[in-house]
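Below you'll find the structure, written out as structure tokens, and then a few comments.
Nothing in this text is a laboratory measurement; each read-out follows from the coordinates by a stated rule. Since this is a predicted model, take the numbers as computed values, not measurements. Please note: Cβ atoms are built from the backbone with ideal geometry, for glycine as well, and neighbour counts cover all protein chains shown.
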């Protein structure tokens, strides 16, 4: 029996035209395989989507070829595009400089929105995991974030063009690699994930392992913190929406106090 993977099926409605953001890494490959296995039962219309970031030269070319081949093996439509992240990260008159990570994320989500706007898919699923969530929450905390920031990676993001879904947020990397090993499914390793010049990599490879020597359950606790923070933020947003109309007076101010409703 294949190792079980926690997949949030509540996010996946029958008839949904869903593209899986496929980088070639273990997380996205496992998400695509899991959804392809259950897609017919769930009533999904599945495809794969790969964005070539213009980084890492022939390694990135091989990632694209791997993803294209995997989609073909599974009989799935394949969306692909190329961007130049390094150029996009440079400062211009319209924006300040970005890190490579920031520019890559911005361009990736812009492309997801494009394929949704074109009517090709209704939603895109990304393979963010519990480990990604822990790293994100810890990074936000280090930057001084509070409730909204500590909410970390949200299960869904709603754009005018469609939704970004994260059905893998309860899955761990260990579970994912065990699942792929059982299937005999290979994946691609991004060499840049080991570069300690990137903040997330330093958190992943240095800070989190060090903190886990004090608390081995830290990743679970950080993921749980994100849920509590999102619930707290949602509660206060609802409360503000309810209270503000009772506090603020409408109309134009008039001499002597109060408001006039007329012109």
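With neighbours defined as other Cβ atoms within 10 Å of a residue's Cβ, the residues 168, 78, 235, 141 order from fewest to most as 235, 141, 78, 168. Against the chain, whose longest principal axis comes from its Cα atoms, helix 173-183 is set at around 40 degrees. Using the Cα gyration tensor of the stretch 43-187, with a ≥ b ≥ c the square roots of its eigenvalues, what is the shape: rounded (a/c below 1.5), prolate (a/b larger than b/c) or oblate (neither)? Here the stretch 43-187 falls in the rounded category.
A straight line joining the Cα centroids of the stretch 159-180 and the stretch 1-56 runs 8 Å.
In the chain, helices alone account for a calculated mean residue ellipticity at 222 nm of -14500 deg cm²/dmol, with every DSSP H run of four or more residues adding -39,500 (n - 2.57). Our estimate of slack between residue 243 and residue 146, defined as 0.36 nm per intervening residue step minus the Cα-Cα distance, is 32.7 nm. Counting neighbouring beta carbons within 10 Å and listing from fewest to most, the residues 27, 61, 131 come out as 61, 131, 27. Relative to the longest principal axis of the Cα atoms of the chain, helix 218-247 runs at roughly 30 degrees. The simple spin-label model puts a point 7 Å past each Cα toward its Cβ; for residue 189 and residue 4 those points are separated by 3.1 nm.
Listed by Cβ neighbour count within 10 Å, with the fewest neighbours leading, 163, 67 appear as 163, 67. Principal-axis analysis of the Cα atoms of the chain puts helix 130-142 at an angle of about 40° to the longest axis.
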